[in-house]
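The values are calculated or read from the model by the stated rules, or taken from the named source; none is laboratory data. In this text the structure is predicted, and so the values were computed from the model without any measurement. Here Cβ is always computed from backbone atoms with ideal geometry, including for glycine, and neighbour counts include all displayed protein chains. Calculation scope for accessible area: heavy atoms of the full protein, side chains included, ligands and nucleic acids excluded. Shrake-Rupley method; radii C 1.70, N 1.55, O 1.52, S 1.80 Å.
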Amino acid sequence: MKTIIVTLSLAFTSLFLNAQTEVETILETESVTVTVPVQSEEGNVVFGLYDETSFMKQPLVGLEGEIKDGKATVTFEDVKPGAYAILLFHDKNENKQMDFEPNGMPTEPYGVSNNVMSMGPPLWSDTKFEVTNEPIELCLLYTSPSPR
């Protein structure tokens, strides 16, 4: 009888310890801090954090950065390890959306992670970066749209 009780106790203890390890693994997250220099104090900068499935659609998390001393900075908290991309734009008129010309060209400055500057929309493969078990700090640049 003692052997059965000891065996059951060890089994439940083992299950409990494994469950705690799985919960700790799930909760491991990091922060991603993004800073962008801004040429104008008007408006704010809108930042979006994307994974591959949400890229160029609805961001997983969207934040607005107030412009102070020529830059805007935000921190995405509790980011799980994996591949992500950042898209941002300088929302000069504070309408919370990127504005475009009738031909599809942006009228507000924009930027992407890895500072990819391409003709046309950015590609996931060019903009992705990895979040691991260390906080990340990114300094992104943005491109100004062509003068009208």
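May I ask you to list pairs of residues, at least six apart or on different chains, whose Cβ atoms are under 9 Å apart, with the first in the stretch 38-64 being farther than 18 Å from Tyr84 by Cβ and part of a loop (DSSP other than H, G, I, E, B) and the second being charged (D, E, K, R) and open to solvent by 90 Å² or more (accessible area, probe 1.4 Å)? What qualifies is Val38/Lys71; Glu41/Lys68; Glu42/Glu94; Gly43/Glu94. Take Gly104 and decide whether it is more than 21 Å from Thr33 (Cα to Cα) and either surrounded by fewer than 13 Cβ atoms within 10 Å (Cβ to Cβ) or touching a residue at least 60 places away in the same chain (Cβ under 8 Å) (or both). Yes.
If you scan the stretch 107-122, which residues turn out to be surrounded by 11 or more Cβ atoms within 10 Å (Cβ to Cβ), of a type in the set (A, V, I, L, M, F, W, C) and without any contact (Cβ under 8 Å) to a residue 12 or more places away in the chain? Result: Val116, single match. Name the single residue that is most open to solvent (accessible area, probe 1.4 Å) among those in the stretch 67-97 being in a loop (DSSP other than H, G, I, E, B) and under 18 Å from Val45 (Cα atoms). Ranking the qualifying residues of the stretch 67-97, first place goes to Asp69.
Picking from residues in the stretch 116-146 that are over 14 Å from the mean Cα position of the chain (by Cα), of a type in the set (S, T, N, Q) and not in a strand (DSSP E or B), the one that is nearest to Thr35 (Cα to Cα) is Ser144. Could you say whether any residue in the stretch 16-30 is at pLDDT 95 or above and in contact with a strand residue (DSSP E or B) (Cβ under 9 Å, 6 or more places away or on another chain)? No; the residues of the stretch 16-30 include none that is at pLDDT 95 or above and in contact with a strand residue (DSSP E or B) (Cβ under 9 Å, 6 or more places away or on another chain).
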